[in-house]
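Before any comments, here is the structure.
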Amino acid sequence: MWNAINTAAYEGMIAETITLKGYNGDDLRVYYSRPLNAGKVPSLVLIPHMPGWDEYCREAARRFTQHNYAVICPDIYCRFGTGTPAEVSHMAREQGGAKDETVMGDVQASIDFLRAQPNSNQKVGVIGMCSGGRHTFLAACKLEGIDAAADLWGGGVIMSEEELSEARPQAPIDFTADLSCPLIGIFGNEDKHPSVEEVNALEETLKEYDKEYEFYRYDGAGHGIWYYQGKMYRPEAAMDSWEKVLEFFEKHLNQE
């Protein structure tokens with residue numbers, strides 16, 4: 001998958017911010033990248049992490065588009081205001097964070113938009129990192145029209161009573177019986193959120209409900225394996241897990 005390009009092939013993409021109608025009819029800004037070709041392509045919704053609707057999320061969207069996916073990354077924090085990603089995420093934290101209900105509405109709107117496009121092959125996946133991984137698991141259990149899901153080091157899938165809040169009233173793991181698509185999970189064995197014990201418990205729950213999943217765990221890695229801009233980055237684990245995620249989506253979103 002990785003670097004398996006045909007050097008003679010045409011390549012092009014367009015990426016821009018557009019506005020959709022999200023949860024409750026709210027105006028929702030999204031970053032929308034897609035390949036420029038005449039064929040039908042699969043789609044992804046990339047749910048942003050708590051650092052915000054940031055430059056990294058945009059780069060990740062384009063990286064998937066490089067591999068022939070139409071991608072929407074919705075600004076799930078748009079209701080808290082505008083500014084730099086750090087400023088907006090600070091405002092979100094001060095107000096209790098994005099509500100699960102609104103995030104699910106925004107993701108469903110993104111799914112519906114992608115599937116309605118003339119270049120869609122009618123397959124849509126969802127992927128998220130950190131809190132976006134938690135939202136991805138929740139979406140795969142609660143929303144319609146998801147064909148594959150990728151949870152990347154999603155903390156908060158398992159929650160104690162003390163961790164529940166108005167914004168997050170129920171732990172996503174409680175909905176595991178309703179998981180409606182194959183799931184891939186990428187985790188670092190030195191991560192604390194989720195911890196190894198939490199990943200183990202999630203895996204046991206997936207087995208209990210006989211769900212289709214594949215987990216990959218990396219020694220010497222903690223949270224944020226792909227985040228090349230900081231100390232969390234683990235190049236070998238990052239490239240290996242990028243390859244596994246691309247193979248997973250190729251299997252479930254590109255093949256008949």
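The values are calculated or read from the model by the stated rules, or taken from the named source; none is laboratory data. The model shown is predicted, which means the values in this text are computed figures rather than measured ones. Backbone-built Cβ (ideal geometry, glycine too); neighbour counts: all protein chains shown. The protein model used for the area step is the full one, side chains on, heavy atoms only, and it has no ligands, DNA or RNA in it. Shrake-Rupley method; radii C 1.70, N 1.55, O 1.52, S 1.80 Å.
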- Note on the structure: Counting only residues in segment 171-189 that are of a type in the set (Val, Ile, Thr) and in contact (Cβ under 8 Å) with a residue 40 or more places away in the chain, the one surrounded by the most Cβ atoms within 10 Å (Cβ to Cβ) is identified as 186
- Item | Candidates 201, 237, 221, filtered to the one that is out of contact with any Asp or Glu (no Cβ under 9 Å at 6 or more places or on another chain) and aliphatic (A, V, I, L, M) | 201
- How many residues are open to solvent by less than 50 Å² (accessible area, probe 1.4 Å) and over 16 Å from residue 245 (Cα atoms) when one looks only at segment 122-139? 5
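Given the criterion in contact with a strand residue (DSSP E or B) (Cβ under 7 Å, 6 or more places away or on another chain), free of Cβ contacts under 8 Å to residues at least 12 places away in the same chain and closer than 28 Å to residue 145 by Cα, identify the matching residue among 19, 65. Before you say what the answer is, go through the steps one by one.
Working: 65 fails: free of Cβ contacts under 8 Å to residues at least 12 places away in the same chain.
Testing whether each residue is in contact with a strand residue (DSSP E or B) (Cβ under 7 Å, 6 or more places away or on another chain), free of Cβ contacts under 8 Å to residues at least 12 places away in the same chain and closer than 28 Å to residue 145 by Cα leaves just 19.
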- Query: Across segment 204-256, what is the total count of residues that are open to solvent by less than 50 Å² (accessible area, probe 1.4 Å), assigned to a loop (DSSP other than H, G, I, E, B), of a type outside the set (Lys, Arg) and in contact with a Leu (Cβ under 8 Å, 6 or more places away or on another chain)?
  - Reply: 2
- Query: For the subset of segment 18-62 comprising residues that are crowded, with 17+ Cβ neighbours inside 10 Å and among the small types (Gly, Ala, Ser), which member is nearest to residue 103 (Cα to Cα)?
  - Reply: 22
- Note on the structure: If we ask which residues in segment 185-215 are under 24 Å from residue 146 (Cα atoms) and out of contact with any helix residue (DSSP H, G or I) (no Cβ under 9 Å at 6 or more places or on another chain), their number turns out to be 5
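One line per residue, one yes/no per condition, for (1) assigned to a helix (DSSP H, G or I); (2) in contact with a helix residue (DSSP H, G or I) (Cβ under 6 Å, 6 or more places away or on another chain); (3) of a type in the set (Ser, Thr, Tyr); (4) in contact (Cβ under 8 Å) with a residue 60 or more places away in the chain:
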residue: 106; (1), (2), (3), (4): yes, yes, no, yes
residue: 113; (1), (2), (3), (4): yes, no, no, yes
residue: 124; (1), (2), (3), (4): no, yes, no, yes
residue: 135; (1), (2), (3), (4): yes, yes, no, yes
- Which numbered condition residue 141 misses (of (1) part of a helix (DSSP H, G or I); (2) under 23 Å from residue 33 (Cα atoms)): (2)
- Item | Matching residues, segment 144-170, being surrounded by 19 or more Cβ atoms within 10 Å (Cβ to Cβ), hydrophobic (A, V, I, L, M, F, W, C) and either touching a residue at least 40 places away in the same chain (Cβ under 8 Å) or not in a strand (DSSP E or B) (or both) | 146, 148, 150, 152, 153, 157, 158, 159
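Scan segment 73-104 for residues that are of a type in the set (Val, Ile, Thr) and either over 27 Å from residue 174 (Cβ atoms) or not in a loop (DSSP other than H, G, I, E, B) (or both) and jot them down.
So the first thing to find is which residues in segment 73-104 are of a type in the set (Val, Ile, Thr), and the list is 76, 82, 84, 88, 102-103.
Once the filter is applied, which keeps residues that are of a type in the set (Val, Ile, Thr) and either over 27 Å from residue 174 (Cβ atoms) or not in a loop (DSSP other than H, G, I, E, B) (or both), segment 73-104 yields 82, 84, 88, 102, 103.
Got a sec? Which strands (runs of 3 or more DSSP E) wholly within segment 1-72 have at least 2 residues that are over 17 Å from the mean Cα position of the chain (by Cα), modelled with pLDDT of 95 or more and over 29 Å from residue 156 (Cα atoms)?
Details: elements: 13-21, 27-35, 41-47.
Those strands (runs of 3 or more DSSP E) span 13-21.
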- Message: Take the residues in segment 68-94 that are of a type in the set (Ser, Thr, Tyr) and without any contact (Cβ under 8 Å) to a residue 60 or more places away in the chain; name whichever of them is most open to solvent (accessible area, probe 1.4 Å).
- Response: 82
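I'm trying to understand the selection: among the residues of segment 192-203, which are within 18 Å of the chain's Cα centre (by Cα) and crowded, with 16+ Cβ neighbours inside 10 Å? Before you say what the answer is, go through the steps one by one.
Filtering segment 192-203 for residues within 18 Å of the chain's Cα centre (by Cα) gives 193-194, 199, 202.
The answer is 194, 199, 202.
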